[in-house]
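Heads up, the thing below is written out as structure tokens.
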């Protein structure tokens, strides 16, 4: 019944350079997933870069606080927030980029900040929040697909492993985005809900034994799991 | 039961072969098999690498435990993108105007082909080009129509790898491409992953299924 330890094993199996796509369509648990993943890697003393697109981190932080979960970890010296668009600064912000209407200018602006953080020589976990909204809100098709098709740029860069949180509902209006992201990512994981259970499906993994694995546990156990990561 | 190599053996110069796959299918194994087959046959390979897809293939293959050591030697025509993989013979930008892009690509492609009698031309990222141009029906039509201009060019056997989940989201694109191609193959999952022949000049191959080893098993 208790699949939770295997989930931690799964997170430990991720290798430097990989891209993980974390899909959900009911946003009821994405902030919890964000919390668990952040704490998991911070506890292992891996620094985290959070790409905060369009104030999504503010939304996550608020939801965590409503759930009574301490969000002090966002101020930790091991957390580096790169703010892309939006106004609400949350966590330790190390760089701010305004969204430029021309994708190529934006790309260079982002790259400059990202490489500056990476240069410290450490291995980072890069959590990307709000990319789904960024795609959905980019009207011009040329910019939208330039932005999307640039996503393989850091794939295989062993200084980081990135985890993209995407709400598949938000991407419905840009139907080409999800199949592309699913293709380039080395791991695709879906979080869903079935009655009072949380269902986590590994849709794609380089480890044959994990492919198509389903972890299912009662929502009540999530609290237990979160408690384990409280320290 | 036909084997993969027996199927490849039947590809004729001038053919356009489409391979439809999903983001979760073992298309990297199939790509690997094509490279190995060409090496054994002494057939020159030229990869069309649109929008960094060879980088995506190679990197994914590394994580999935599929041999990539000869990929750095493979000849490449690069269209757009930043990540260089293989021996890049020529490079074209992906222009905002599809007709202009195509004109430049054709120029470069013909120049490269002059040096060869016959090549296996593996196109990666053609589907991403379709996505890139999908904002304009006119540009999209230009790219879709381009495929049939290549049909019958006896200096090449062309194999297009296409993410089916992506192409099906572009209205009419799958039908248009299938209509232009001479052979259409699809990776499908039954009990195991198989490559199914949906269209072929060899009637006896139609509906045939060839088992594909997935990921690190191969």
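Each reported figure results from applying straightforward, stated rules to the coordinates on display, with no laboratory input. Because the structure is a prediction, the values reported are computed rather than measured. When we count neighbours, we look across all protein chains shown, and the Cβ atoms used for this are built from the backbone with ideal geometry, even at glycine.
Put a dot 7 Å past the Cα of residue A:43, heading toward its Cβ, do the same for residue A:119, and the two dots end up 3.4 nm apart. A simple spin-label model places pseudo-atoms 7 Å from Cα toward Cβ; at residue B:100 and residue A:66 they are separated by 4.8 nm.
Multiply the residue separation of residue A:221 and residue A:157 by 0.36 nm, subtract the distance between their alpha-carbon atoms, and state the gained length in nm to one decimal.
Working: separation 64, 0.36 × 64 = 23.04 nm, distance 3.52 nm.
Contour length minus the Cα-Cα distance gives 19.5 nm.
Ordered by packing density, taken as the mean number of other Cβ atoms within 10 Å over each peptide's residues, highest first, how do A:193-203, A:28-38 rank? Walk me through the numbers on the way to the answer.
Numbers: A:193-203: 14.5, A:28-38: 20.4.
Going from most to least packed, we get A:28-38, A:193-203.
Highest mean first, the peptides A:68-76, B:115-123, A:177-185, A:91-99 sorted by other C-beta atoms within 10 Å per residue fall in the order A:177-185, B:115-123, A:91-99, A:68-76.
Let me know the mean shielding of A:112-122 by other chains, meaning the per-residue number of their Cβ atoms within 10 Å of its Cβ. Present the calculation step by step, with values, prior to reporting the outcome.
Details: counts 0, 0, 0, 0, 0, 0, 0, 0, 0, 0, 0.
Mean shielding by partner chains, rounded to a whole number: 0.
Take the alpha carbon gyration tensor of chain B, find the square roots of its eigenvalues, order them as a ≥ b ≥ c, and report rounded if a/c is under 1.5; if not, report prolate when a/b exceeds b/c, else oblate. Rounded, since a/c falls under 1.5.
Share of antiparallel DSSP beta bridges in the protein assembly as shown, in percent to the nearest 5?
Values: 21 of 85 bridges.
Here the antiparallel bridges make up roughly 25 percent for the protein assembly as shown.
Under the rule a/c < 1.5 gives rounded, and otherwise a/b versus b/c splits prolate from oblate, where does region A:3-229 land using the Cα gyration tensor? Present the calculation step by step, with values, prior to reporting the outcome.
Numbers: a/c = 1.43, a/b = 1.27, b/c = 1.12.
Cα axes put region A:3-229 in the rounded bin.
Averaged over the residues of peptide A:197-208, the number of Cβ atoms from other protein chains lying within 10 Å of each residue's Cβ is 3. In this rough spin-label picture, where each label sits 7 Å from Cα along the Cβ direction, the residue B:117-residue A:28 distance is 6.7 nm.
Which number do you get for Rg(Cα) / (2.2 N^0.38 Å) in the protein assembly as shown?
On the way: Rg = 22.7 Å, N = 449, 2.2 N^0.38 = 22.4 Å.
Here the Cα radius of gyration is 1.01 times the empirical estimate.
Using only the Cα atoms of region A:158-231, build the gyration tensor, take square roots of its eigenvalues as a ≥ b ≥ c, and label the shape rounded, prolate or oblate: rounded if a/c is under 1.5, else prolate if a/b is larger than b/c, else oblate. It comes out prolate by the Cα gyration axes.
Using helices alone, what [θ] at 222 nm do you get for the protein assembly as shown, with -39,500 (n - 2.57) per DSSP H run of 4 or more residues, divided over all residues and rounded to the nearest 500?
Value at 222 nm, helices only, nearest 500: -11000 deg cm²/dmol.
Distance from the Cα centroid of region A:63-113 to that of region B:162-211 is 43 Å (rounded to whole angstrom).
Counting partner chain Cβ atoms within 10 Å of every residue's Cβ in B:95-104, what's the average?
On the way: counts 0, 2, 0, 0, 0, 0, 0, 0, 0, 0.
Averaged over the peptide's residues, the number is 0.
Relative contact order of chain A: 29 percent, from C-alpha pairs under 8 Å at least 6 residues apart in sequence.
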